Amino acid sequence: MNNSAANAGRLIWAGLRALLVLTVITGVLYPLAVTGIAQAAFHDKANGSEIKDAGGEVVGSELIGQTYNLPVKEGEETAAPDLRWFQPRPSNGLGTNSVNTRYALILSGATNRSGDNADLIQWVKDAKAAVIKDNSTADYKVKPSDVPAEAVTSSGSGLDPHISPEYAKLQVHRVAEKNGLTVAQVAGLVTDHTDDRILGFIGEPRVNVLQLNIALEQLAGKG
């Protein structure tokens with residue numbers, strides 16, 4: 001009995017020591033090492049790819065899209081877009097967020113509608129009509145063939161922060177008119193904030209809407 005108790009005690013103590021050592025290594029040392037390497041080598045990405053405005057205030061992340069809407073009026077179910085700003089892709093909100101009032105989406109996900117779903121088809125038609133109406137000005141008329149796919153469909157995550165250069169250029173005349181700027185000035189902003197394909201062949205050219213609107217705010221003197 002004494003030998004059995006002693007053996008059991010040694011096994012328990014050995015297990016506790018192993019647990020303690022592994023806890024220190026995997027629960028303390030490894031996370032600290034990974035965090036240190038990330039902060040040293042990838043500081044911006046490790047902190048959420050934050051974007052700051054001209055005043056140095058964090059206004060979002062380059063990885064997460066934001067909406068630019070007017071306050072919801074009484075009787076309205078959804079907010080109307082604030083046409084002074086470049087608009088992102090549609091985001092069919094899957095939840096609400098009372099903290100970041102500039103972007104109501106809190107959950108990531110798609111609408112999960114098939115291509116022949118009647119609701120989805122109607123959404124696309126309505127969105128296309130709105131894009132044409134909102135972006136047509138006295139001297140610039142948007143044609144249905146000008147509207148790119150991402151202007152009327154949400155991304156798989158619903159959080160896409162980018163639009164295509166084509167969609168950004170389609171909005172130039174409206175943004176210039178609403179902000180008292182010239183078309184050339186606003187078009188220049190789009191050109192300056194267009195990112196090429198990664199390594200020259202991965203993905204497509206894209207424009208980060210938040211970064212573009214921050215530059216617009218500075219140009220228009222709203223800051």
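The values are calculated or read from the model by the stated rules, or taken from the named source; none is laboratory data. The shown structure was predicted, so the numbers you read here are calculated from the model rather than taken from an experiment. Here Cβ is always computed from backbone atoms with ideal geometry, including for glycine, and neighbour counts include all displayed protein chains.
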Count - residues of the range 121-144 that are in a loop (DSSP other than H, G, I, E, B) and of a type in the set (Val, Ile, Thr): 1
Options Ala8, Ala38, Ala46, Ala54: the member that is farther than 30 Å from Ser91 by Cβ and among the aliphatic types (A, V, I, L, M): Ala8
Single match in Lys128, Lys133 (criterion: loosely packed, with under 14 Cβ neighbours inside 10 Å and not polar (S, T, N, Q)): Lys133
In the range 70-84, the residues that are closer than 21 Å to Asn135 by Cβ and either outside any loop (DSSP other than H, G, I, E, B) or β-branched (Val, Ile, Thr) (or both): Thr78, Pro81
Cβ pairs under 8 Å, 6+ apart, first in the range 153-172 and over 23 Å from Ala187 (Cβ atoms) and in the same structural domain as Ala127 (by TED's automatic domain parsing), second part of a helix (DSSP H, G or I) and of a type in the set (Gly, Ala, Ser): Thr153/Ala127
Within the range 148-179, tally of residues that are in contact with a helix residue (DSSP H, G or I) (Cβ under 7 Å, 6 or more places away or on another chain) and part of a loop (DSSP other than H, G, I, E, B): 6
Residue match in the range 107-118 (condition: closer than 23 Å to Pro71 by Cα and at pLDDT 90 or above): no
Cross-chain or 6+ apart pairs with Cβ under 6 Å, the range 72-84 first and within 24 Å of Glu177 (Cβ to Cβ) and among the small types (Gly, Ala, Ser), then surrounded by 13 or more Cβ atoms within 10 Å (Cβ to Cβ) and modelled with pLDDT of 80 or more: Ala79/Asn69
Enumeration of residues in the range 59-93 that are under 21 Å from Ala220 (Cβ atoms) and surrounded by fewer than 12 Cβ atoms within 10 Å (Cβ to Cβ): Pro71
Extreme residue, nearest to Ala129 (Cα to Cα), among residues of the range 48-61 that are among the acidic types (Asp, Glu) and either out of contact with any Asp or Glu (no Cβ under 8 Å at 6 or more places or on another chain) or not in a loop (DSSP other than H, G, I, E, B) (or both): Glu50
